[in-house]
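Student: Take this structure first; my questions come after.
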Amino acid sequence: MKRFFLGSLLLLWAGCQTPAPKKIVQYDIDLFFQNTSIRGGYFSSDENKLAYTSDASGIYNIYEVDLSSGETNQRTQSEKESFYVLGYIPNSNALLYSADKGGNEISHLYLLKEDNTTLDLTPQVDEKARFFGWSKDRSHFYYQSNKRDSRYFDLYKMKVGQWNPILVYENRQNLSLQTLSNNERYFLLSKALTTSTNDFFLFDNKTQGITKISETSGGYSSAGFSDDNTQFFYRTDVGKEFDYLKSYTIETGEQKIVYESDWDVMYSYLSENETYRVVGINEDGKTNLVIFNTQDGTQVDFPEIPDGTITGVSISQSEQKMRLSVGSSKSPNDFYLYDLKTNTIKKLTNSLNPELNADHLVAAEVIRFASFDGLEIPAIYYKPIQASAKEKVPALVWVHGGPGGQSRVGYSSLIQYLVNQGYAILAVNNRGSSGYGKSFYKMDDRNHGDKDLKDCIWGKKWLQEQDYIDPDKIGIIGGSYGGYMTMAAMAFAPDEFKVGVNIFGVTNWIRTLKSIPPFWEASRKALYQELGDPYTEDSIRLKAISPLFHAEKIKNPVMVLQGANDPRVLQVESDEIVAAVQENKVPVDYVIFPDEGHGFRKKDNQIKGYGQIKQFLDTYLKKLDWEVNSDLD
């Protein structure tokens, strides 16, 4: 179904007449979730096919596309669990993939054989396994597993065809393994100190010697070893606000800056034969991709791609082909094939539902506003096409997850659906968000629910200044940490937002920090350093910032969505806040998905849950029925 909204005719004379606004199509939610979300994109050994993960079936399954004909083949038929492809088994049509149970994050690694039967390669019941990459000769793959001790991840390898685990590195020091050299002699290890700093070590497996690279406090992250095992590369922010790329020569200890920008280098890697270096830059909430030819330092230029930007690439082993991921805020990512020899490009997927006209969706805009103390706060803004001074629209402040996450320019079916239905959305990157320098990132440490919340409130004030926004109809929405911020707003600033939509948000920090999954042990102390240690007197402050203990102050309608299998924010968090709000005789809608975890991946659940968000907003924000009937029990 489609509904049509015709904007008011405005006659503005400035030497000529302004044309009437175009007809706006308002689409039903199911059309937005008939888009497809794709992930991965791995070349087969003969480079004739590309394997990827897609939710075209309603849940994530594995597909492959023939690069010559463009024909697509669905390799798995899962109807219950999501399957995420990790690559082809060398010289075969078999595949490696990962899956958990109902979103519980206890993922196993599976072999999808050529006849499409499967084998669980990491079958221990409570074992969490993470793919770590292929050996240089592709004879085996590496993976991390916590089967020895649920708190620590050891490194194993499996030989193709034998599928037996071989221990490579036993982690008894609670260090995080970041990468290893081709000859398995050198390991880069990390120990989290805070959420923004870590110790960084080079371990020599032959001599058992260890060298501390992080002599100066800062953030350090591996960017891989050279093929000849003589160098490694890493990202760091030492001495600067943003991450940059450095090299380190193992024999001499010599270090050099390889690449830096005015923004964070998010990642960097070399192609198979080191012909190309790929650098991803987080530039003001957008990904800027730079690829260099390492032989002459020249930059690889791509043909123009209309209505999209390249957000990621994968280079084939022959270094003759690239898989490009291309998308925008108005269209989900699609895969393109770029032939480096012929300089030609070919589209492989069509992710946007053809029933959606991108011209009726909204391009994201990066804006900035001054917060309560004058600090400049960046945000991603979506203005409904139908909004005008005569047709004022309601609005939402959107808060990302984290703490330390970032709202970025990119496609979101939920955001586009709500904006299409006439809700302006301001995705605030409050202080403490990543991507804007390490000083900005640290600004919310031990200050959660205070200045970061004020940033969101001042985002609301910015919205109120726009002449096409109804200043009395502004709510707040967020997931995970953003869900916490939503409930903090409703409890600690109850007069600011008319409604709150809490998507699996923390409401009791003491319980959440005590119930951190065992496989997060490597980062537990760093989280305690930023948020507070629930086993110490920090618990006093944690209780003070937990909305559950102040729920009696909540007076405006709330909606809560929760996955029953969420290992990060337990269902009890949502159960208790819902019960507490009900005690206030305040409207509260509660949606629980028994087959989801920390995030909703099944399309049926997305349509149901996100459709109910719109119904909730229509009732309590757009129409303000709650205020009209607030005197009724």
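The values are calculated or read from the model by the stated rules, or taken from the named source; none is laboratory data. All of these numbers come straight from a predicted model, not from anything done at the bench. Cβ sites come from the backbone with ideal geometry, for glycine too, and all protein chains shown count toward neighbours.
Student: Just for the range 278-302: of the residues that are among the aliphatic types (A, V, I, L, M) and crowded, with 16+ Cβ neighbours inside 10 Å, which one is farthest from residue 434 (Cα to Cα)?
Tutor: Among residues in the range 278-302 that are among the aliphatic types (A, V, I, L, M) and crowded, with 16+ Cβ neighbours inside 10 Å, the one farthest from residue 434 (Cα to Cα) is 300.
Student: Tell me whether the range 450-459 contains one or more residues that are in contact with a Ser or Thr (Cβ under 7 Å, 6 or more places away or on another chain), in a loop (DSSP other than H, G, I, E, B) and among the aromatic types (Phe, Trp, Tyr).
Tutor: no
Student: Can you tell me which of (1) assigned to a strand (DSSP E or B); (2) farther than 30 Å from residue 73 by Cα; (3) more than 22 Å from the chain's Cα centre (by Cα) is the one residue 142 doesn't meet?
Tutor: With respect to (1) assigned to a strand (DSSP E or B); (2) farther than 30 Å from residue 73 by Cα; (3) more than 22 Å from the chain's Cα centre (by Cα), residue 142 is out only on (2).
Student: For the condition over 24 Å from residue 231 (Cα atoms) and aromatic (Phe, Trp, Tyr), what is the one hit in 156, 152?
Tutor: Going through 156, 152 in turn, just one is over 24 Å from residue 231 (Cα atoms) and aromatic (Phe, Trp, Tyr): 152.
Student: Something else: Test of understanding: among 249, 298, which residue is at pLDDT 95 or above, among the hydroxyl-bearing types (Ser, Thr, Tyr) and more than 27 Å from the chain's Cα centre (by Cα)?
Tutor: Details: 298 fails: at pLDDT 95 or above.
It is 249.
Student: Cβ-Cβ under 8 Å, sequence separation 6+ or interchain: first residue in the range 525-546 and under 21 Å from residue 196 (Cβ atoms), partner among the polar types (S, T, N, Q) and assigned to a helix (DSSP H, G or I). Which pairs?
Tutor: 532/539; 533/539
Student: So, residue 153, is that one modelled with pLDDT of 95 or more, surrounded by fewer than 20 Cβ atoms within 10 Å (Cβ to Cβ) and either within 21 Å of residue 175 (Cα to Cα) or within 25 Å of the chain's Cα centre (by Cα) (or both) or not?
Tutor: Here the answer is no, as residue 153 does not meet what is asked.
Student: Next question. Could you run through the range 210-246 and say how many residues are over 24 Å from residue 434 (Cα atoms) and either part of a loop (DSSP other than H, G, I, E, B) or of a type in the set (Gly, Ala, Ser) (or both)?
Tutor: 5
Student: Contact list please: Cβ distance under 6 Å, first residue in the range 564-581 and under 18 Å from residue 518 (Cβ atoms), second residue modelled with pLDDT of 95 or more and among the aromatic types (Phe, Trp, Tyr), pairs at least six apart or on different chains.
Tutor: Correct list of pairs: 566/504; 569/504.
Student: Restricting attention to the range 10-56, which residues are hydroxyl-bearing (Ser, Thr, Tyr) and at pLDDT below 95?
Tutor: The one that is hydroxyl-bearing (Ser, Thr, Tyr) and at pLDDT below 95: 18.
Student: Looking at the range 78-118, what strands (runs of 3 or more DSSP E) fall wholly within it and have at least 2 residues that are over 13 Å from residue 53 (Cβ atoms) and touching a Cys at 6+ places or on another chain (Cβ under 8 Å)?
Tutor: none
Student: Looking only at residues that are touching a helix residue (DSSP H, G or I) at 6+ places or on another chain (Cβ under 7 Å) and part of a loop (DSSP other than H, G, I, E, B) in the range 562-581, which one is surrounded by the most Cβ atoms within 10 Å (Cβ to Cβ)?
Tutor: 569
Student: Follow-up. I'd like to verify a number: residues in the range 42-60 that are more than 23 Å from residue 101 (Cα to Cα), in contact (Cβ under 8 Å) with a residue 60 or more places away in the chain and either surrounded by 20 or more Cβ atoms within 10 Å (Cβ to Cβ) or in contact with a His (Cβ under 8 Å, 6 or more places away or on another chain) (or both), how many?
Tutor: Count: 2.
Student: Same structure, new question: Restricting to the range 391-401, name every residue that is assigned to a loop (DSSP other than H, G, I, E, B) and closer than 17 Å to residue 454 by Cα.
Tutor: Residues of the range 391-401 that are assigned to a loop (DSSP other than H, G, I, E, B), as a first pass: 391-392, 400-401.
Hits for the range 391-401 are 400, 401.
Student: Considering only residues that are touching a strand residue (DSSP E or B) at 6+ places or on another chain (Cβ under 8 Å) and not in a strand (DSSP E or B), which ones fall in the range 304-316?
Tutor: Result: 305, 307, 308, 316.
Student: In addition: State the number of residues belonging to the range 261-277 that are free of Cβ contacts under 8 Å to residues at least 24 places away in the same chain and surrounded by fewer than 16 Cβ atoms within 10 Å (Cβ to Cβ).
Tutor: Total satisfying the criteria: 1.
Student: Filter the range 322-342 for residues that are touching a strand residue (DSSP E or B) at 6+ places or on another chain (Cβ under 6 Å) and under 20 Å from residue 270 (Cβ atoms) and give the result.
Tutor: 322, 323, 324, 325, 338, listed by residue number.
Student: Any residue in the range 178-192 that is farther than 17 Å from residue 235 by Cα sitting within a Cβ distance under 7 Å of a residue that is acidic (Asp, Glu) and surrounded by fewer than 20 Cβ atoms within 10 Å (Cβ to Cβ)? List the pairs, counting only those 6 or more apart or interchain.
Tutor: 182/227; 185/204; 186/204
Student: Could you please tell me which pairs satisfy a Cβ distance under 6 Å, a separation of 6+ or placement on different chains, a first residue in the range 288-311 that is within 15 Å of residue 268 (Cα to Cα), and a second residue that is at pLDDT 90 or above and of a type in the set (Phe, Trp, Tyr)?
Tutor: Sorted first by the residue in the range 288-311, then by its partner, the pairs are 291/276; 299/292.
Student: Also, quick follow-up: With the requirement that a residue be under 13 Å from residue 509 (Cβ atoms) and either acidic (Asp, Glu) or under 27 Å from the mean Cα position of the chain (by Cα) (or both), what does the range 540-567 give you?
Tutor: Of everything in the range 540-567, those that are under 13 Å from residue 509 (Cβ atoms) and either acidic (Asp, Glu) or under 27 Å from the mean Cα position of the chain (by Cα) (or both) turn out to be 542, 545, 546, 547, 548.
Student: Output the residue which, of all residues in the range 582-609 that are part of a helix (DSSP H, G or I) and touching a residue at least 40 places away in the same chain (Cβ under 8 Å), is farthest from residue 77 (Cα to Cα). Don't jump to the end; show me each part of the working.
Tutor: We begin by selecting, within the range 582-609, every residue part of a helix (DSSP H, G or I); these are 582-583, 603-609.
Then drop every residue that is not touching a residue at least 40 places away in the same chain (Cβ under 8 Å), which leaves 603-604, 606-607, 609.
Working: 603: 15, 604: 16, 606: 20, 607: 21, 609: 24 Å.
Filtering the range 582-609 for residues that are part of a helix (DSSP H, G or I) and touching a residue at least 40 places away in the same chain (Cβ under 8 Å), the one farthest from residue 77 (Cα to Cα) comes out as 609.
Student: Just checking, does the range 493-503 include any residue being small (Gly, Ala, Ser), more than 26 Å from residue 605 (Cα to Cα) and touching a Phe, Trp or Tyr at 6+ places or on another chain (Cβ under 9 Å)?
Tutor: Filtering the range 493-503 down to residues small (Gly, Ala, Ser) leaves 493, 500.
When the remaining residues are screened for being more than 26 Å from residue 605 (Cα to Cα), the result is 493.
Filter once more, keeping what is touching a Phe, Trp or Tyr at 6+ places or on another chain (Cβ under 9 Å): none.
No, the range 493-503 has no match at all.
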